[in-house]
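S.K.: Handing you a structure now.
The values are calculated or read from the model by the stated rules, or taken from the named source; none is laboratory data. Only a predicted model underlies this, so the values are computations on that prediction, with no experimental measurement involved. Cβ atoms come from the backbone with ideal geometry, glycine included; neighbour counts cover every protein chain shown. Side chains included, ligands, DNA and RNA excluded: accessible areas come from the protein's heavy atoms. Shrake-Rupley method; radii C 1.70, N 1.55, O 1.52, S 1.80 Å.
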Amino acid sequence: MSTSAPDFESLLRQALQPIDPPADMVVRLELTLVSLTQAAQEELDAWELSAMRDPRNWVRPAAAAVVGVSAGTALVVLRVRARHRSRRQQSRNPFELVGRTLRDAADEARKIAPKR
């Protein structure tokens, strides 16, 4: 073996050390997801049903629907995951934890879904 092998291993260890994300990353991500969801909702609200007869007009509403659903789902997951530890401490067994998590996810989804 050559003497460069230990140097290579130490360089790899140094390069592959975990890095903590910025403290405000969750807040910025949540704000971005909220703005994407609202923009998609506004885009869908602006379209008239009569304009949908032409298939060329389907691209923007379809893209808005995909972006809105994706961002909304990610937002629900982010918010539910943030409260997971407190739900785990409140639950007595895994079944109760699943029930609490599902109720929390449904509540968050209702908050995000447009009021109609």
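S.K.: Each label point is 7 Å from the Cα along the Cα-to-Cβ direction; what then is the distance between the points at Thr32 and Leu97, in nm?
M.R.: 3.0 nm
S.K.: Another question, if that's okay. Got the relative contact order for the chain handy, in percent, Cα pairs under 8 Å and 6 or more residues apart? Walk me through the numbers on the way to the answer.
M.R.: Values: 54 pairs, mean separation 27.8, N = 116.
With pairs under 8 Å counted, the relative contact order is 24 percent.
S.K.: Helix-derived [θ] at 222 nm for the chain: sum -39500 (n - 2.57) over DSSP H runs of at least 4, divide by residue count, nearest 500? Show your work: numbers first, answer last.
M.R.: On the way: 5 runs with 84 residues, N = 116.
So the helix-based figure for the chain works out to -24000 deg cm²/dmol.
S.K.: To the nearest 10 square angstrom, how much accessible area does Val26 have with a 1.4 angstrom probe?
M.R.: 80 Å²
S.K.: Now a separate question. Ignoring ligands, DNA and RNA, what accessible area per residue does the chain give at 1.4 Å, in Å²? Present the calculation step by step, with values, prior to reporting the outcome.
M.R.: Numbers: 9420 Å² over 116 residues.
Value returned for the chain: 81 Å² of accessible area per residue.
S.K.: Where the centre of each part is set by its Cα atoms, how far does the range 46-77 sit from the range 78-111, in angstrom?
M.R.: Cα centroid to Cα centroid, the span is 29 Å.
S.K.: Now, a different point. Per the Kirkwood formula on distinct C-alpha pairs, the Rh of the chain is how many angstrom? Walk me through the numbers before you get to the answer.
M.R.: Numbers: mean 1/r = 0.0551 Å⁻¹.
It works out to 18.1 Å.
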